[in-house]
Amino acid sequence: MIALTGTVVDAQQTLRDVAVIVESGVIKDVIPADRLGEYSIDEVYGGKGYLILPGLVNAHTHVAMARFRGLGEDIPIEQWLSDVIWPAELEWTPREIRRWALLGMAEALANGSTTINDHYFFADEIAKVALELGIRAFIGQTVMDEVDFPLAKPEEGFRFFKRWDGKSDLVKPTLAPHATNTVSLEIMKEIGEFASERNALIHVHLSQSRGEVETVKRRYGLTPVEYLERAGVLNGRLIGVHGIYLSGKEVGLYSRSGATLVHCSLSMAKLEGRIAPIIELAEKGTNIALGNDSPNPVGLMDMFTEMRFAAVLNKVWRKRTDVASAREVFSWATLGGARALGFRAGLIKPGYPADLVLLNARKPQFLPGENPYSHIVYSARGSDVELVMVNGEVVYRNGLFTRIGKTLEELWERVELS
Ligand SMILES: [Zn+2]
């Protein structure tokens, strides 16, 4: 049995001076810290001044794109994809994917993401890396058929799903059509039928550029959300990402569908100079999750940074400061992500999976400590994370990834000096 002690903060409550008891991958109990002697504990981590958070759910990533960090800055998203990213992606080999996925994933884990939802090519390699590190990973093989791209053949997406479905506790396959303009309606319908039969999640970029909206309109006379509805995929298994050009009508249609919208405010603010109508979506009942998107363009696989930008950019976008409170944004990063992925997590309660983050808050920026939600969103950094537990196992502690026995610096050396 393992215990984490400190102040528990989840989206529903704050509990001071408690111990979280973990056994067999789940949270067994949450008790006052002075009753710790009632259990026979093997290891205790944390203490006074530590915060215990539910693992952050990074609901949209492309971890291997750590390889492209800093490339193609300050150009529009369509040009960024066609002139910079897609040509570079044609050079990938399985070995290179593993090297860079390990780096991107390790960075996310060390910064408090216990779960990622990844969308990329060579998905088998990314799944293997997730098992090496011990992170919880939902992974889809990117599919495109409207762009000539050999790495993204639709049949590979289905094959990947079948290979990994039911195979692992940590790695769960998804279906990952690229976007509404890069996948034909015909293939999107096939994806929808497959998803219904297998109860699969569909993870898709949605309304992420003006060009996407124009292309879907020209081809089908539809908006991107109407296209998803026509394809039969607009339902509670859909995880749409970005949505920065959604119209008011689309916000209504999307909100009634039960689908999740993943908000990557930093990435879209940098690539397109705008963010999604998140407050309108949330007010109409859409489940909101947060994601880092790719290390290029955001620079950091750090959900604390993502939370901070989401809280601030929504205020600027709406020209109102009474929206996107720290507690609400923290809820998007935990409960919202777990709901999107259809698993019962995101809270620190007996019976919940032991996906936990221990934050060393014995630092000036965490005082006076009366409003921990504010401190988590506005003051914390990924580097304050001291320990990460996934499924009851300590997979990261003080810079060391325990499953592979390597530190962050050794991973850096492996790429930089090879
Ligand atoms: Zn993306």
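The values are calculated or read from the model by the stated rules, or taken from the named source; none is laboratory data. Only a predicted model underlies this, so the values are computations on that prediction, with no experimental measurement involved. As a convention, Cβ positions derive from the backbone with ideal geometry for all residues, glycine included, and neighbour counts pool all protein chains shown.
Any idea which of (1) within 16 Å of the ligand (Cβ to nearest atom); (2) closer than 29 Å to Arg16 by Cα; (3) of a type in the set (Gly, Ala, Ser); (4) not in a helix (DSSP H, G or I) is the one Gly49 doesn't satisfy?
Checking Gly49 against (1) within 16 Å of the ligand (Cβ to nearest atom); (2) closer than 29 Å to Arg16 by Cα; (3) of a type in the set (Gly, Ala, Ser); (4) not in a helix (DSSP H, G or I), the one that fails is (1).
Every residue, every condition in (1) within 16 Å of the ligand (Cβ to nearest atom); (2) touching a Leu at 6+ places or on another chain (Cβ under 9 Å); (3) in a helix (DSSP H, G or I), yes or no:
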| site | (1), (2), (3) |
| --- | --- |
| Ile21 | no, yes, no |
| Asp29 | no, no, no |
| Leu36 | no, no, yes |
| Pro87 | no, no, yes |
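Could you please give the count of residues in segment 137-193 that are of a type outside the set (A, V, I, L, M) and assigned to a loop (DSSP other than H, G, I, E, B)?
Final tally of qualifying residues: 15.
With the structure loaded, tell me whether Arg136 is within 30 Å of Val394 (Cβ to Cβ), at pLDDT 95 or above, buried (at least 24 other Cβ atoms within 10 Å of the Cβ) and more than 16 Å from the ligand (Cβ to nearest atom) or whether it fails that test.
Answer is yes for this residue.
Based on this model, can you work out whether Ser379 counts as over 23 Å from Val30 (Cα atoms), assigned by TED's automatic domain parsing to the domain that holds Leu81, free of Cβ contacts under 8 Å to residues at least 60 places away in the same chain and not acidic (Asp, Glu)?
For Ser379, the condition - over 23 Å from Val30 (Cα atoms), assigned by TED's automatic domain parsing to the domain that holds Leu81, free of Cβ contacts under 8 Å to residues at least 60 places away in the same chain and not acidic (Asp, Glu) - is not met.
Only one of these is farther than 22 Å from Phe138 by Cα, assigned by TED's automatic domain parsing to the domain that holds Ser82, surrounded by fewer than 20 Cβ atoms within 10 Å (Cβ to Cβ) and of a type in the set (Asp, Glu): Glu280, Glu197. Name it.
That would be Glu280, the only listed residue that is farther than 22 Å from Phe138 by Cα, assigned by TED's automatic domain parsing to the domain that holds Ser82, surrounded by fewer than 20 Cβ atoms within 10 Å (Cβ to Cβ) and of a type in the set (Asp, Glu).
Between Leu313, Leu335, Leu356, which is in the same structural domain as His60 (by TED's automatic domain parsing) and in contact with a strand residue (DSSP E or B) (Cβ under 9 Å, 6 or more places away or on another chain)?
Testing whether each residue is in the same structural domain as His60 (by TED's automatic domain parsing) and in contact with a strand residue (DSSP E or B) (Cβ under 9 Å, 6 or more places away or on another chain) leaves just Leu335.
Condition (residue is modelled with pLDDT of 95 or more, more than 15 Å from the ligand (Cβ to nearest atom) and not aromatic (Phe, Trp, Tyr)) applied to segment 207-214: is it met by at least one residue?
yes
Among the candidates Leu300, Leu271, Leu266, Leu347, single out the residue that is within 16 Å of the ligand (Cβ to nearest atom) and in a loop (DSSP other than H, G, I, E, B).
Leu300
Could you count how many residues in segment 197-253 are free of Cβ contacts under 8 Å to residues at least 40 places away in the same chain, part of a helix (DSSP H, G or I) and of a type in the set (Gly, Ala, Ser)?
2
Pro177 passes all but one of (1) surrounded by fewer than 22 Cβ atoms within 10 Å (Cβ to Cβ); (2) farther than 27 Å from Ser383 by Cβ; which number fails?
(1)
If you take the residues of segment 14-27 that are closer than 24 Å to Gly49 by Cβ and surrounded by 14 or more Cβ atoms within 10 Å (Cβ to Cβ), which of them is nearest to the chain's Cα centre (by Cα)?
The qualifying residue nearest to the chain's Cα centre (by Cα) is Ile27.
Condition test on Ile288, is it touching a residue at least 60 places away in the same chain (Cβ under 8 Å) and not in a loop (DSSP other than H, G, I, E, B)?
Taking the combined requirement at face value, the residue does not satisfy it.
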